[in-house]
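Taking it in order: structure first as structure tokens, then the write-up.
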Amino acid sequence: MPLHLKPISKAGIPEAISKVDLYRSLNEPEEAESICRDILAVEPKHQLALRLLGLAITDQFCGDVSDRWGEAQECFEKLTDTYERLYYTGILHERRAKAQLRAGRLRHTLTPLFEEAMRCFAEAEKIRKTTTPSCVGTAASGSCKAIRTFRKNTTQWDSTPKTAHPFKPRPTSCQSLVATCPSRSYHPDLHECILRQPVYFGRGTPFGLPFPR
């Protein structure tokens, strides 16, 4: 029997939105994304569902090429409020950069993403600076958070000179190797030297090697 998705009703959208928040808080962004898509199937321009869908997609970022940042950007671009569109686009760039940092990407390669995030936050702050002061705090805090993350992860390597081990020159001859090694003990450098150019010192042979025939 073929399986069909059961659409939700418009009256059930508020309850579905609450479930999206619940699944995101439980760190289950895939479930939250699925519910958002069910809502948008009924009401394609639902602003809260679009915003939560974009955030649920960014929750799944792992810093790999499989990150669907393009889909999240499309969701945020459909937001009609200019402030929200800029602010959540900044969130997108910031989360994308953080995910790539966790994945081990080189820090200096992520500078454009952090800069774009801070630019979006700054533009959002200008829009609501006089109309809604509470939103300014949100954009400003997002910008400060991005700046702190950028500074923390783009610091230079520690330039403090490390204590180096004292240099000990390797012996340059078999005689010096013999002098530094106890009798009848194996020394790889001496063994290599003897195999390359068999030289015998004094009586007998060092390290129990047979006499030449």
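Listed by chain and number, the aspartates and glutamates placed with their C-alpha closer than 12 angstrom to that of LYS6 are ASP38; residues fewer than eight positions away on the same chain are left out. On full extension, the segment bounded by SER18 and THR80 gains 20.1 nm, given 0.36 nm per residue less the C-alpha separation. Among the listed pairs LYS45/LYS126; LYS10/LYS126; LYS78/LYS126; LYS78/LYS98, a Cα-Cα separation exceeding 31 Å is found for LYS10/LYS126.
Quote the FRET efficiency, to the nearest 0.05, computed for LEU3 versus GLU30 with a Förster distance R0 of 22 Å and r equal to the Cβ-Cβ distance. List each step's numbers first, then the result.
Values: r = 18 Å, r/R0 = 0.83.
So the FRET efficiency works out to roughly 0.75.
Full extension of the chain segment joining CYS62 with ARG119 gains 18.2 nm, where the gain is 0.36 nm per residue of separation less the Cα-Cα distance.
Every number in this text was worked out from the coordinates using simple rules, so none of it is lab data. These numbers come from a predicted model, not from an experiment. Glycine gets a Cβ as well: all are built from the backbone with ideal geometry, and neighbour counts include every protein chain shown.
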